[in-house]
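Each remark here refers to the structure printed beneath this line.
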Amino acid sequence: MGRRPTRLLGSLALALACAALAAGCADDEPAAAPTTSPASSPASSPTTEPAGPSATPPSPSAPSGTPTPTDPEQPVDEAAALRRELLGMLRRDQGERTGGATSDETDVDRTERLKEILDQYGWPGWDLVGGKAETAAWAIAQHSDLDPAFQAEALELLRAEVAEGNASPGNLAYLEDRVNVGQGRPQRYGTQVGCARAGPRPATPIRDRAGLEQRRRAAGLDPYADYLAEMTRVCGRG
């Protein structure tokens, strides 16, 4: 299966990173990650995250364009229904984090539904639901901080699809950092950043700082300095 473009959807990832932090952007210490996630892109973040997901930093971008599901083993109608469901979950997730429309659905509800989806289909990759819906699944997983065991399982399923060229390496980078930060471990890509009085600060140390830019580049992420500049603007709005 050929690889697809991995350019990040900056606004989504950003939203995710900051949304999770919103409440603590003015504190001296990085804001603790909300039980949800960042805000600019899908909001949510264990400790803090680029707008995953108060403001959410850019989230990894899905491939340019949304591929039409082509898995011959999945009826088109079933794949289309799953795609619509994931996008609807994302709209509700983001609505709650950005002051938009709200619903009775909670992060826990979305986590439970995503569990069922992953049990049935595995990670919903580009060939099944397209780029936007794959990123929607990622956003829900990012915001599943109340179930760290499931979050770690989702990470491994996503990792397998990325290895097949069927999901976003940027989404994988964000989720891997989120799981590591949730476990109090160093992050690899520097995506989990909180707002401190002195400016953006990594939620946990970054492992092998010398190789950071190479890892970010391989995942399709912007240079770290550019990311911090964007997070500085996000924190300033908080």
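Length gained on full extension, Arg197 to Ala225: 8.3 nm, using 0.36 nm per residue less the C-alpha separation.
For the peptides 134-144, 221-231, 156-166, the ranking by packing is 134-144, 221-231, 156-166, with the highest mean count of neighbouring Cβ atoms within 10 Å listed first. Using the Cβ-Cβ distance between Arg91 and Glu156 with R0 set to 22 Å, the FRET efficiency from 1/(1 + (r/R0)^6) comes to roughly 0.25.
Give me the percent of the accessible area of the stretch 108-238 that comes from carbon and sulfur atoms, probe 1.4 Å, all protein chains in place. Please list the in-between numbers first.
On the way: 2550 of 5190 Å².
Carbon plus sulfur share of accessible area: 49 percent.
The stretch between Ala163 and Arg217 holds 17.8 nm of extra length on full extension. This uses 0.36 nm per residue minus the Cα-Cα distance. Given R₀ = 22 Å, what would the calculated FRET efficiency be for Asp109 paired with Val76, taking r from the Cβ atoms and rounding to 0.05? That pair, Asp109 with Val76, gives E of 0.20. Note on Asp208/Gln120: beta-carbon distance plugged into 1/(1 + (r/R0)^6) with R0 of 45 Å gives a FRET efficiency of 0.75.
The values are calculated or read from the model by the stated rules, or taken from the named source; none is laboratory data. Everything quoted here is computed from the prediction, not taken from an experiment. All Cβ positions, even for glycine, are placed from backbone atoms using ideal geometry, and neighbour counts span all protein chains on display. When the accessible area is computed, the model is the full protein with side chains, heavy atoms only, and any ligands, DNA or RNA have been set aside. Shrake-Rupley method; radii C 1.70, N 1.55, O 1.52, S 1.80 Å.
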